[in-house]
Amino acid sequence: ATHGLNIDPTKCRCDVLLVCKVAEQGYSLGDYAMGATTRMDAGNNAPLVPMLSKNAIQMNTGAQAAYLLFLNKANGTPAQPTSLANWRYIFRIWY
């Protein structure tokens, strides 16, 4: 996503907040979840931070590189959404 802020990414922090659009994994319509991504590296999970540049922010969620990970609201276990289309992404940047 382009943000057009023309910022210095070395002076910023960013994260991703998710909003449920279709109930799943114990979440109801409108519920919020903290977004994180993990990438499989030689069988180990390595955190993947959203990438911030001068005019854009990016979070890889493709099956080849990463998958969205959050907790199942109903039982607190790690969960993978059945469809990323069920979630709206909110990118937050602190400058």
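Values quoted throughout were computed directly from the atomic coordinates according to the rules given, and no laboratory measurement underlies them. Source: prediction; values computed, not measured.
Observations on the structure shown:
- Extension gain (nm, one decimal) between ASN6 and GLN80, 0.36 nm per residue minus Cα-Cα: 23.3 nm
- Whichever lysines have a C-alpha closer than 21 Å to that of LYS73, once near sequence neighbours (fewer than 8 apart) are set aside: LYS21
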